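Encoded as structure tokens, the structure appears first; notes follow it.
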Amino acid sequence: MTTLTRDDAISRIAELRLPKLDYEELYFALTENANIPDVDLPDDLRQQVERAKVKDLHDPRFIPLLIARQSERLREYTNRYLSECLEAETGESVVLTGAYTPLPAICPCCGAASLEEQGVWEICTVCWWEDDGQGDHNADDVLGGPNGGQSLT
């Protein structure tokens, strides 16, 4: 049995999942959000990401950004889930140290505890839903909105 910190486990899972991402998942991970985490990214790649015009998805210089983006999503999950993921990936039993602190609000799209507050236009870091506060059953009738015509109904 191995013991890892929560942060180390998140980084490890992100690294293990990276080679399994297909073309669409790689492209989405690189262009889904113009906000670039604090990673060392060359200026030419930074501009490609900010403009959502990535030339070479398999450029190894993107790896730190891809790991950071995967890690962002994994932070929303419990230690139990993370240790189950690691066990499934490595076959080794893992115990995590470090507290899981869920955010106070649940994303209406994916159900993750990933929002600071409900209905204040915050973006879920798990599914990238922008919570505009429309949780009603008439959401399909409302044109426009932040989620590109997608609705919860």
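I106 - would you say it is surrounded by 11 or more Cβ atoms within 10 Å (Cβ to Cβ) and not assigned by TED's automatic domain parsing to the domain that holds D8? Yes, satisfied.
Of the conditions (1) β-branched (V, I, T); (2) touching a strand residue (DSSP E or B) at 6+ places or on another chain (Cβ under 9 Å); (3) within 25 Å of S114 (Cα to Cα), T2 satisfies every one except a single condition; which number is it? Tallying (1) β-branched (V, I, T); (2) touching a strand residue (DSSP E or B) at 6+ places or on another chain (Cβ under 9 Å); (3) within 25 Å of S114 (Cα to Cα), T2 fails exactly one: (3).
Name the residue, out of E84, E89, E72, that is acidic (D, E) and under 15 Å from the mean Cα position of the chain (by Cα). Break it down into steps so the answer makes sense when it comes.
Values: E84 fails: under 15 Å from the mean Cα position of the chain (by Cα); E89 fails: under 15 Å from the mean Cα position of the chain (by Cα).
None of the other options fit; the residue is E72.
Residues that are among the aliphatic types (A, V, I, L, M) and modelled with pLDDT of 80 or more within region 99-125 comprise A99, A105, I106, L115, V120, I123, listed in sequence order.
Of the helices (runs of 4 or more DSSP H) contained entirely in region 1-98, those carrying at least 3 residues that are buried (at least 16 other Cβ atoms within 10 Å of the Cβ) and charged (D, E, K, R) fall at 6-17, 63-74.
The values are calculated or read from the model by the stated rules, or taken from the named source; none is laboratory data. Fair warning: this is a prediction, and the values are worked out from it, not measured in the lab. Reconstructed Cβ throughout: ideal geometry from the backbone, glycine too, with neighbour counts over all protein chains shown.
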